[in-house]
Structures are given as C-alpha cells and as structure tokens.
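Structure record follows, encoded as structure tokens.
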C-alpha cells in the first residue's frame, strides 16, 4: 500500500521528500503535484518502473513519457538544443509546458519516441515537484495522472491514494493542482508548433 506524505506546498519538508526519493530509487512509482495537475513519476534509469508507469496509464510505446528536469542546464544534457531553441526555453521555463525535442544518447530508448527519437521534457514551476527531482538526484520519467478511459487528470491526493494505493509506492499531498495538463510545444521544426493546448498562457511565449 502506498505511503501518503503530506507536505507544505511552498516549503516541502526535506525529510519526507528524501523518503519519497528512496522509494523511487527502490523502483516505486510516486504521485506528485505539479503546476499542471498531479503526475506519476519514476526514475529515469529504471526499465521496470517505466513499464509499470505505462501499464498504470494504459499507454503504449508511442506515447511520449516526459522528463521532469530541475533546470535549463539539465534539459540540454538530455535534449539537443540549438541557440534559437535555448532562447525559447529560457523564456518559457519553469512553467506548465512540455517541449518536444530531439533526444540525446543519454535518454533511454524506452523514454524517447521509438520512430522519431524525440523526448518530451519540462521544468515544472512547482516547489514540491522540483524538490522531489532534487531528492531523486536525477530527472524523472513522468506522465499526467489521467485514469485510463477518462479525460480529466486527477488533482486531489486523497482520491489518488484511494484509487491507486496498491499500484504506487507513495502519494505526495501538496494540495490541489490545476485540472489541465501541460501545453505541449514541438520545437523540432523550423517554428514552435503547439501540439496540445493545456495549462499556461501562450501569449507569454508569443504563440497566441
């Protein structure tokens, strides 16, 4: 059964985040609040956890898993970023955006898109999510927690605990989140292309 960690949304307790980080290191899945609904995360280097992540969401190999990163420097380690893309990412991060970029060799094949060799990547603007990535000492594979067969993400930790307690190692309760997924922006073409509209004001990025 999952552990439930109740943390302060602006100043999360380091001790609890370290415990959650250890559960990730042990191969578990953790639900965590972000700036665009709750997400389920796993360690980047854990194939079994990646498979469990896809089973929980009912996702196939063609669906991008997203890397949660701490900052822009970490993005450039896992994605190929030219000067134009870098300027755009600098404007947009942190925030409720997922960017599609060409993956570097540092990204395991199970995370990148099998045919396009691209990766979804983001830096969340949420203290709890960033603190968990810091505690894990590594970017985390993630996917928005949308129950299979439903359209809306979950944003209440207690509901997540009740519905997925047997499939998760922990649920981090940092309070409710927005009910929108991230906005997905493809940066692999000549111009940024909005693939999915969700959380965030596109006008702040000059795209609306």
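Read the figures in this text as sums done on the coordinates, not as results from a lab. If you're wondering where the values come from, they're calculated on a predicted model, not measured in any experiment. Note: ideal-geometry Cβ built from the backbone for every residue, glycine included; neighbour counts use all protein chains shown.
Regarding the stretch 181-202, can at least one residue be identified that is under 17 Å from the mean Cα position of the chain (by Cα), over 22 Å from residue 87 (Cα atoms) and surrounded by fewer than 18 Cβ atoms within 10 Å (Cβ to Cβ)?
Within the stretch 181-202, none of the residues are under 17 Å from the mean Cα position of the chain (by Cα), over 22 Å from residue 87 (Cα atoms) and surrounded by fewer than 18 Cβ atoms within 10 Å (Cβ to Cβ).
Please indicate, with yes or no, whether at least one residue in the stretch 162-173 is in contact (Cβ under 8 Å) with a residue 24 or more places away in the chain and assigned to a helix (DSSP H, G or I). Before you say what the answer is, go through the steps one by one.
Here is the first cut: in the stretch 162-173, the ones in contact (Cβ under 8 Å) with a residue 24 or more places away in the chain are 164-173.
Restricting the remaining residues to those that are assigned to a helix (DSSP H, G or I) gives 164.
Taking every residue of the stretch 162-173 in turn, at least one turns out to be in contact (Cβ under 8 Å) with a residue 24 or more places away in the chain and assigned to a helix (DSSP H, G or I).
State all residues of the stretch 1-31 that are assigned to a strand (DSSP E or B) and under 15 Å from the mean Cα position of the chain (by Cα); if no residue qualifies, say none. Steps first, please.
At the first step, the residues of the stretch 1-31 found to be assigned to a strand (DSSP E or B) are 3-6, 30-31.
30, 31 - these are the residues of the stretch 1-31 that are assigned to a strand (DSSP E or B) and under 15 Å from the mean Cα position of the chain (by Cα).
When you scan the stretch 32-149 for strands (runs of 3 or more DSSP E) that lie fully inside it, which ones turn up with 1 or more residues that are in contact (Cβ under 8 Å) with a residue 60 or more places away in the chain and farther than 22 Å from residue 14 by Cα?
Numbers: elements: 37-43, 66-68, 97-103, 118-122, 140-144.
It comes to 66-68, 97-103, 118-122, 140-144.
Among 26, 45, which is surrounded by fewer than 19 Cβ atoms within 10 Å (Cβ to Cβ) and closer than 15 Å to residue 65 by Cα? Steps first, answer last, please.
Details: 26 fails: closer than 15 Å to residue 65 by Cα.
The match here is 45.
Here are some residues: 153, 124, 96. Which one is within 29 Å of residue 205 (Cα to Cα), touching a helix residue (DSSP H, G or I) at 6+ places or on another chain (Cβ under 8 Å) and crowded, with 20+ Cβ neighbours inside 10 Å?
Every option except 124 fails the conditions.
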